[in-house]
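The values are calculated or read from the model by the stated rules, or taken from the named source; none is laboratory data. Being a predicted model, the structure only gives us computed values, none of them experimental. We place every Cβ from the backbone using ideal geometry, glycine too, and count neighbours over all the protein chains shown.
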Amino acid sequence: MYPAFIHTQTTARNIDHAAIKTYQIPSLILMEHAALKSAEIIEQIANTNQSICILCGPGNNGADGLAIARLLQPKYPNLYVVVPEIKKMSEDEKIQFQMIQNLKIPFSQNLPNVTYDIYIDCLFGNGLSRDITGFYKTMIQNVNTSHSTIISIDMPSGIDSTMGNVLGCAIHADYTISLDCYKQGQWLNEGKNHCGKLYLVDIGIPQILHQKCMDKIKILNEEDIHLPNRPLNAHKSTFGKALMIGGSQNMHGAIHMASLSAYKSGIGTLTLMVPECISNVLAIKSDFYMLLQCADRNGIFSSKAIDLLKQNINNYSIISIGNGMQKNNITIALVEQALKSDKKIVLDADALWAAQKNIELLKRSETTILTPHIKKCPI
Ligand SMILES: NC(=O)C1=CN([C@@H]2O[C@H](COP(=O)(O)OP(=O)(O)OC[C@H]3O[C@@H](n4cnc5c(N)ncnc54)[C@H](O)[C@@H]3O)[C@@H](O)[C@H]2O)[C@@H](O)CC1
Ligand SMILES: [K+]
């Protein structure tokens, strides 16, 4: 399977440049791969009797659009190209534009009055650098209100490819075909809402360029997950002992749901350390975990939790902490204790808040997994 990396705007651009400069793969070859792969996907989405309008901006995203038009033309008789800025084109786009003219593919600088069944959005890709205004803004607004199918190439135009913010206005795509790698902005903030169904295509950039990047994020696929074999003569202690610390009055759901993940992943034994005030409700909810109850105070762990953890911690091989705990001094003390231990640790929810009180403790030799969502741990 093609390895799926997520990069920021700068890293994705540097990778493109390195492919061209260091590996001497001509930009037009990468573009042809991009266009061929994109055309293949478009052909799965669009019937040949549907009308297609391809919107081409002033950079290489626009050049992709022109190459796609050239490849689709033989199959789609009702194909039209819009190139708003004929005098301001990247070098590659000029070459692609010449071919469009040679093939007599119809084009204009303005959006035609008729509505097309499909719009291919190649206005801006990874090179968007400021708010969209003027005629590009009007064009995007018209296409968004057309009720037609919109397919964006690389990025929905108007979405910042690093943070996913809308710059001025943005295409609301039904499909986005990401070239070479995913862009971080497809996954964050408004970006996620604007991409529609996301595809990733290989355009022939050497994989080593992704692997060498320091700031890469990789989406795991089945080949990356190495689950150990479960021998037939195994018993519950073969598969690790987990302790999950969390919960508070009216907040028993989070730790219960987290326990389902541990159970599904195949943990040998599972114990939930919770304040007494929620232990009855948890005991009724599940048969697959044991409970280590701790005296509570005002609905949260009392200070006795610190000694309780000290006495019990060595019975476990992995500890998760944080679900539904709330932000208080006991949470900070328990997180510190867990991080100072030699156990594998998963920090979630309020434990992430507690961990940043003493960030040095995160420098540990054992595995530490942080599971933030964007509001708990903004980038
Ligand atoms: N060799 C390469 O580098 C490849 C690039 N590819 C395509 O090229 C794209 C990146 O190309 P570019 O770097 O030329 O970037 P874009 O094509 O995304 O746009 C850059 C151009 O848009 C202008 N611009 C930026 N923001 C604007 C705004 N708000 N309003 C008006 N004009 C604005 C810039 O001045 C520049 O002229 C990728 O997204 C991808 O589609 C692919 O063809 C694959 C190969
Ligand atoms: K685009």
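Considering only residues in the stretch 123-139 that are near ligand 1 (Cβ under 7 Å from one of its atoms) and hydrophobic (A, V, I, L, M, F, W, C), the one that is farthest from residue 70 (Cα to Cα) turns out to be 132.
Among the conditions (1) under 27 Å from residue 189 (Cα atoms); (2) outside any helix (DSSP H, G or I); (3) among the hydrophobic types (A, V, I, L, M, F, W, C), the only one that residue 291 does not satisfy is (1). Only helices (runs of 4 or more DSSP H) whose full extent lies in the stretch 1-104 are considered here, and the ones with at least 3 residues that are of a type in the set (Gly, Ala, Ser) are 9-21, 27-45, 60-72. Quick check, is residue 200 within 16 Å of ligand 2 (Cβ to nearest atom), under 13 Å from the mean Cα position of the chain (by Cα), at negative phi and not small (Gly, Ala, Ser)? Yes: the conditions hold for residue 200.
May I ask you to verify whether residue 90 is within 16 Å of ligand 2 (Cβ to nearest atom), free of Cβ contacts under 8 Å to residues at least 40 places away in the same chain and assigned by TED's automatic domain parsing to the domain that holds residue 180? In short, yes. Taken together, 112, 106, 156 contain a single residue that is within 20 Å of the chain's Cα centre (by Cα) and in the same structural domain as residue 201 (by TED's automatic domain parsing), which is 156. Checked against the criterion of being within 15 Å of ligand 1 (Cβ to nearest atom), more than 20 Å from residue 5 (Cα to Cα) and surrounded by fewer than 24 Cβ atoms within 10 Å (Cβ to Cβ), the stretch 168-180 contains one or more residues that satisfy it.
When 300, 255, 306 are screened for being among the hydrophobic types (A, V, I, L, M, F, W, C) and either within 29 Å of the chain's Cα centre (by Cα) or on the phi > 0 side of the Ramachandran plot (or both), only 255 passes.
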